[in-house]
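One structure is given below, encoded as structure tokens.
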Amino acid sequence: MSLANEILYIAAADCTGHGVPGAMVSVVCCNALNRAVNEFGLKDTGEILDKTNFLVVETFEKSHFDVKDGMDISILAINKSNNDIQWS
């Protein structure tokens, strides 16, 4: 099994916003989660969430939008080679 396929990540998220603002936060957050794992190579669920938070804040600081919505996220990592789990 390759290292890339060794860990399965499952994230559950709830955006506080509705409509376009909520969708925008959801898309930015999904992108940040993917970047935290794929681009930055993070595996620890706490580190993934910390990096995701940093990337989301960084993204909205660069925009002219005043974002008042947020998102609650929980992430589970399952190591398929040894059945260890980690949750944050």
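The values are calculated or read from the model by the stated rules, or taken from the named source; none is laboratory data. Just so it is clear, the model here is predicted, and its values are computed rather than measured. Positions of Cβ are generated from backbone atoms using ideal geometry, with glycine treated the same way; all protein chains shown enter the neighbour counts. Please note that ligands, DNA and RNA were not included when accessible areas were found on the heavy atoms of the full protein model with its side chains. Shrake-Rupley method; radii C 1.70, N 1.55, O 1.52, S 1.80 Å.
Values for this structure:
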item	result
Long-range neighbours under 6 Å by Cβ, at least six apart or interchain, first residue within 12 Å of Lys80 (Cβ to Cβ) within segment 4-17, second in a strand (DSSP E or B)	Ile7/Ala77; Ile7/Asn79; Leu8/Ile78; Tyr9/Ala77
Residues located in segment 41-59, provided they are farther than 16 Å from Ala77 by Cα and either open to solvent by 40 Å² or more (accessible area, probe 1.4 Å) or in contact with a Ser or Thr (Cβ under 6 Å, 6 or more places away or on another chain) (or both)	Asn53, Phe54, Val57, Glu58, Thr59
Residue within segment 31-46 that is at pLDDT below 90 and assigned to a loop (DSSP other than H, G, I, E, B) present	no
Residue list for segment 8-24, filter: over 11 Å from the mean Cα position of the chain (by Cα) and under 16 Å from Ser74 (Cβ atoms)	Leu8, Asp14, Cys15, Thr16
Residue identified as of a type in the set (Ser, Thr, Tyr) and closer than 18 Å to Gln86 by Cβ among Thr52, Thr59	Thr52
Whichever residue in segment 69-87 is in contact (Cβ under 8 Å) with a residue 24 or more places away in the chain and among the charged types (D, E, K, R) and, among such residues, is surrounded by the most Cβ atoms within 10 Å (Cβ to Cβ)	Asp69
Residue list for segment 60-88, filter: among the hydroxyl-bearing types (Ser, Thr, Tyr) and touching a Ser or Thr at 6+ places or on another chain (Cβ under 6 Å)	Ser88
Breaking point among (1) open to solvent by 40 Å² or more (accessible area, probe 1.4 Å); (2) assigned to a helix (DSSP H, G or I); (3) within 17 Å of Ala11 (Cα to Cα); (4) touching a residue at least 40 places away in the same chain (Cβ under 8 Å), for Met24	(3)
When residues of segment 1-21 are limited to those that are of a type in the set (Val, Ile, Thr) and assigned to a strand (DSSP E or B), the one surrounded by the fewest Cβ atoms within 10 Å (Cβ to Cβ)	Ile10
